[in-house]
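Read the figures in this text as sums done on the coordinates, not as results from a lab. Bear in mind that the values here come from a model prediction, so they are computed numbers and not experimental data. Using ideal geometry, Cβ is built from the backbone for each residue, glycine included, and neighbour counts are taken over all protein chains shown.
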Amino acid sequence: MLLAHILLALFPYLAHYSPRAGDIPQAHWWETYLSLPIFTVFFNGNFAVSIFFVLSGYVLTKKFFETDDIRVLRKGAIKRYPRLVIPAAFSVIFAWSLMSLGWIRTDLVPKLQGAGWPTSQYRTVYTFQEALWNGFVGAPILNDIALNVPLWTIQIELFGSLFLFAA
């Protein structure tokens with residue numbers, strides 16, 4: 001996923017998984033090849049997330065199908081929120097700490113001549129209470145990922161796993 005984010009920031013057209021438009025000159029000889037579908041699978045973050053969701057669903061239900069014990073699903077559902085949200089909340093608080101210290105400098109991104117989207121990230125000033133709310137409620141339940149953009153999957157993970165247990 002880190003590679004996907006770096007490539008998306010520096011070579012945003014690769015996110016479309018097609019060669020650059022003819023009127024945009026290539027910066028590197030390898031860009032044409034990297035945009036071919038056989039190679040995009042290695043840095044396509046959405047593909048990796050989809051594989052993760054399938055594997056996660058298998059792992060979450062494996063014990064139930066082995067034992068046929070409904071209590072396994074109940075215990076899994078009860079533990080799911082803390083197991084997902086506590087680490088995610090710590091990452092939000094860490095991001096808030098970096099922002100508060102002025103150590104996230106997305107304003108410098110244009111100097112890299114990459115994508116414009118990173119400049120819009122991490123611009124709003126938050127209080128510590130807002131960071132806590134965002135980590136424990138905003139990101140996992142409301143999909144408010146302003147303080148940690150890579151958490152875009154947390155709501156899908158949480159609700160998807162709960163729906164899986166319910167089914």
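What the Cβ-Cβ distance of residue 144 and residue 42 gives, at R0 = 25 Å and to the nearest 0.05, is a FRET efficiency of 0.25. In this simple spin-label approximation, residue 52 and residue 91 carry label points 7 Å from Cα along the Cα→Cβ vector, and these lie 0.6 nm apart. Ranked by the mean number of other Cβ atoms within 10 Å per residue, highest first, peptides 75-82, 147-154 order as 147-154, 75-82. Using θ = phi - 60° in the Karplus curve 6.51 cos²θ - 1.76 cosθ + 1.60, the 3J(HN,Hα) couplings for segment 139-149 round to 5, x, 9, 9, 6, 8, 10, 4, 8, 7, 4 Hz; x is entered for Gly and Pro. The order of the peptides 125-131, 43-49, 101-107, 135-141 by mean Cβ neighbours within 10 Å, most packed first, is 135-141, 43-49, 125-131, 101-107. Working from label points 7 Å from Cα in the Cα-to-Cβ sense, the residue 10 to residue 30 distance is 0.9 nm. Between residue 103 and residue 62, the modelled label-to-label distance comes to 3.6 nm, taking each label 7 Å out from Cα in the direction of the beta carbon.
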